[in-house]
Amino acid sequence: MTALDRARFQRACGLSELEEDTPKRVELDGTPVSVVRTEGEVFAVNDICSHANVSLSEGEVEDCQIECWLHGSSFDLRTGKPSGLPATRPVPVYPVKIEGDDVLVSLNQES
Ligand code: FES
């Protein structure tokens with residue numbers, strides 16, 4: 001895959017499919033992504049917790065953070081950074097664009 005391909009935005013889901021504070025898991029080029037609509041914005045982060053192989057989209061969203069249900073680390077949806085242990089590494093955050101009802105995500109991560 002070229003750098004240009006990775007920068008490309010692709011449709012993740014429909015905006016109307018997203019319920020506020022309810023993460024939606026999608027796969028883009030085989031990469032699991034959690035798409036979250038919260039506080040008037042849409043965010044996309046890698047769906048796998050940086051602590052272990054757990055799907056973040058099965059956790060809860062609050063205060064612009066997504067919580068890993070297994071051990072409780074929360075990740076900032078804007079930066080991917082964990083707020084506390086046991087996770088110490090951020091999860092990748094992906095750029096999001098909204099076009100009409102389409103939520104577009106680029107795997108060219110922001111942080
Ligand atoms: S697996 Fe997510 S905090 Fe441990």
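Please treat every number below as a calculation from the coordinates, not as lab data. Just so you know, these numbers come straight off a predicted model, no measurement behind them. In this analysis, Cβ positions are derived from the backbone assuming ideal geometry, glycine residues included, and neighbour counts consider all displayed protein chains.
Data for the structure
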{"quantity": "For P82, net neighbour charge (Lys/Arg +1, Asp/Glu -1) across residues whose Cβ lies under 9 Å away", "calculated": "+1"}
{"quantity": "Charge sum, other residues only, whose C-beta stays under 9 Å from P32's C-beta, Lys/Arg counted +1 and Asp/Glu -1", "calculated": "-1"}
{"quantity": "Normalised convex hull volume, region 40-106, alpha-carbon set, Å³ per residue", "calculated": "83 Å³"}
{"quantity": "Local net charge near L104, Cβ-Cβ under 13 Å (Lys/Arg +1, Asp/Glu -1)", "calculated": "0"}
